[in-house]
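The values are calculated or read from the model by the stated rules, or taken from the named source; none is laboratory data. On a predicted model such as this, the values are computed, not experimentally measured, just so you know. Here the Cβ positions follow ideal geometry from the backbone for every residue, glycine too, while neighbour counts run over all protein chains shown. Ligands, DNA and RNA are stripped out before the accessible areas are found, and what is left, the full protein with its side chains, is counted by its heavy atoms. Shrake-Rupley method; radii C 1.70, N 1.55, O 1.52, S 1.80 Å.
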Amino acid sequence: QVQLVESGGGWVQPGGSLRLSCAASGSIFGISAMGWYRQAPGKQRELVARFISGFSANYADSVKGRFTISGDNAKNTVYLQMNSLKPEDTAVYYCNIGQLGVDYWGQGTQVTVSS
């Protein structure tokens, strides 16, 4: 079992920045992917950014050049630096780990971008 705990969400004005963190604990092995998804009201959950084992990070087109995913293996933590935030980035952001064919999700953290 893997447990994921997210932090760092909140309210920010358009153009602002936030950094999300996701700390993983438990039986961490055989990880095939780790990253961030988001779900806005009335919309399906969508990929934001993720690492896939053996490959570099990939990003949704809507966040390229504004968001950066990074990780700290020693802390089993993945980060999402979000810059130049827009109102359309408003959503609940979820951390995700893929392990041996099983997806694990965090509880989600709300990000609200408005003036």
So which pairs qualify, if the first residue must be in segment 86-97 and closer than 8 Å to Q110 by Cα, the second must be of a type in the set (D, E), the Cβ gap must be under 8 Å, and the two must be at least 6 apart or on different chains? Y93/E6
Checked segment 64-90 for anything at negative phi and small (G, A, S); matches are S70, G71, A74
The lone exception for D72 - which of (1) within 21 Å of G8 (Cα to Cα); (2) in contact with a strand residue (DSSP E or B) (Cβ under 7 Å, 6 or more places away or on another chain) it fails: (2)
Can you tell me which residues in segment 80-113 are open to solvent by less than 50 Å² (accessible area, probe 1.4 Å), within 17 Å of V2 (Cα to Cα) and of a type in the set (F, W, Y)? Y94, Y104
Filter result for the condition that a residue is open to solvent by 50 Å² or more (accessible area, probe 1.4 Å), out of contact with any Lys or Arg (no Cβ under 9 Å at 6 or more places or on another chain) and touching a residue at least 24 places away in the same chain (Cβ under 8 Å), over S56, S25: S25
Is there a residue being modelled with pLDDT under 95, among the hydrophobic types (A, V, I, L, M, F, W, C) and assigned to a strand (DSSP E or B) anywhere in segment 38-53? yes
If you take just the strands (runs of 3 or more DSSP E) that sit entirely in segment 65-115, which of them hold at least 3 residues that are of a type outside the set (S, T, N, Q) and out of contact with any helix residue (DSSP H, G or I) (no Cβ under 8 Å at 6 or more places or on another chain)? 67-72, 77-82, 91-99, 102-105
Specify the residue that is nearest to the chain's Cα centre (by Cα); the eligible residues are those in segment 44-53 that are closer than 13 Å to Y94 by Cβ and without any contact (Cβ under 8 Å) to a residue 40 or more places away in the chain. A49
Kindly indicate the residue of segment 60-75 that is open to solvent by less than 90 Å² (accessible area, probe 1.4 Å) and closer than 20 Å to Q99 by Cα and also modelled with the highest pLDDT among those meeting that condition. I69
For segment 76-103, how many residues are over 18 Å from P14 (Cα atoms) and at pLDDT 95 or above? 4
